[in-house]
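Written below as structure tokens is the structure these notes are about.
The values are calculated or read from the model by the stated rules, or taken from the named source; none is laboratory data. Computed from a predicted structure; not experimentally measured. No Cβ is skipped: glycine too gets one built from the backbone with ideal geometry, and neighbour counts run over all protein chains shown. Note: accessible area is taken over every heavy atom of the protein model, side chains too, but ligands, DNA and RNA are not part of it. Shrake-Rupley method; radii C 1.70, N 1.55, O 1.52, S 1.80 Å.
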Amino acid sequence: MLLNLTPYKNPDAVRDLIASFPDAKKYYSQRNSIESAISIGSSGSMFRVFRGIDKASLIYKNWAFAQTQSEEFERKILALQTQEQFEELHSALGVSLSSYWKDNATGDGLEKELSPSHKLKLLDVFIKRACELELPNALRPNPIMNDKLLAFGHVPLDSLVFNALDNIFSGVLLLTGRSMGDVKDESTYQFYQGLIRQLMSDLPSSTQHPALYFEFYAWNLGREK
């Protein structure tokens, strides 16, 4: 059970969060064509932690592209009806990513296996990106897949998200300056995902939106500072 943080909510920050939703909706309405692993995209800075692993970003992009082209991935996404079902899929994708990484990582890096925090971050970045793509491919895009992923997707945790949570909850969480690397286990990770979903569901019914809209708010808040 999550703590009752309602008394600590910053009303100005909550208003700013709600005000960001129209732009978030516009952002997540884009549909980029997907023709190769390059279409997946990735931030170079995200892979600095994998120094010593040859072409770490390409390992990730090849795995992610293969998922978008998989009939099994399409079938499982279209079958999603609840958050619990998404959590099962999320876990299975995490196993797949970890296995693919272990089989393909080469170089001088001492650690060839993904840590829990790195696995979860890459997985959530993939889900977020998939929301923006013409799934399963440009020849026969199925927008229902995008809608399902957006409805249930987790927020990729980073310093901007943690700073935004501190902003919303008046600093009581002491999260400013934290990053995904500080999240050492899945129970902690699930706590923050649940906290964000609860925050979004507690908004007035007319303004309730997917958890990923919070990431859009957090990213823009960080860019303004």
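If I take every Cα pair under 8 Å that is 6 or more residues apart in segment 71-128, average their sequence separation and divide by the length, what percent do I get for the relative contact order? Don't jump to the answer; show the numbers that get you there.
Details: 20 pairs, mean separation 17.2, N = 58.
In percent, rounded to a whole number, it is 30.
Mind checking the per residue accessible area of the chain for me, 1.4 Å probe, whole number of Å²?
51 Å²
I'd like to compare 184-191, 166-173, 88-95, 153-160: which one has the highest average count of other Cβ atoms within 10 Å, and what's the full order after that?
Values: 184-191: 13.2, 166-173: 18.1, 88-95: 14.8, 153-160: 21.9.
Highest to lowest by the protection proxy: 153-160, 166-173, 88-95, 184-191.
Consider just the alpha-carbon atoms of the chain and return their Rg together with their Dmax, both in angstrom.
Rg and Dmax of the chain, Cα atoms, are 17.5, 53 Å.
Let me check I have the definition right: for segment 4-129, take the eigenvalues of the Cα gyration tensor, multiply each by 5, take square roots. What are those semi-axes in whole Å, largest first? Before the final figure, lay out each step's value.
Values: eigenvalues 174, 79, 56 Å².
Taking √(5λ) for each Cα gyration eigenvalue gives 29, 20, 17 Å.
What percent does the relative contact order of the chain come to when contacts are Cα pairs within less than 8 Å and at least six residues apart?
Value for the chain: 26 percent.
Of all accessible surface on the chain at a 1.4 Å probe, what whole percent is carbon and sulfur?
Details: 5940 of 11550 Å².
Carbon-and-sulfur percentage of accessible area, whole number: 51.
Would you count, across segment 53-147, every pair of lysines whose alpha carbons are under 15 angstrom apart, provided the pair is eight or more residues apart or spans two chains?
For segment 53-147, the number of qualifying lysine pairs is 9.
What does the charge dipole of the chain about its Cα centre add up to, to the nearest 20 debye, if the Cβ of each Lys and Arg holds +1 and the Cβ of each Asp and Glu holds -1? Mind dumping the intermediate values first?
Details: 24 positive and 27 negative charges, 73 e Å.
Taking the Cα centre of the chain as origin, the dipole is about 340 debye.
Which of the trypsin sites (Lys or Arg not before Pro) found in segment 47-127 are in a DSSP loop and have at most 15 neighbouring Cβ atoms, other than their own, within 10 Å? Could the numbers behind the result be given before it?
On the way: sites: Arg48, Arg51, Lys55, Lys61, Arg75, Lys76, Lys102, Lys112, Lys119, Lys121; in loops: Arg51, Lys55, Lys112.
Those that pass, being in a loop and sparsely packed, are Arg51, Lys55, Lys112.
Using alpha-carbon pairs under 8 Å, 6+ residues apart, how would you state the relative contact order of segment 103-225 in percent?
In percent, rounded to a whole number, it is 26.
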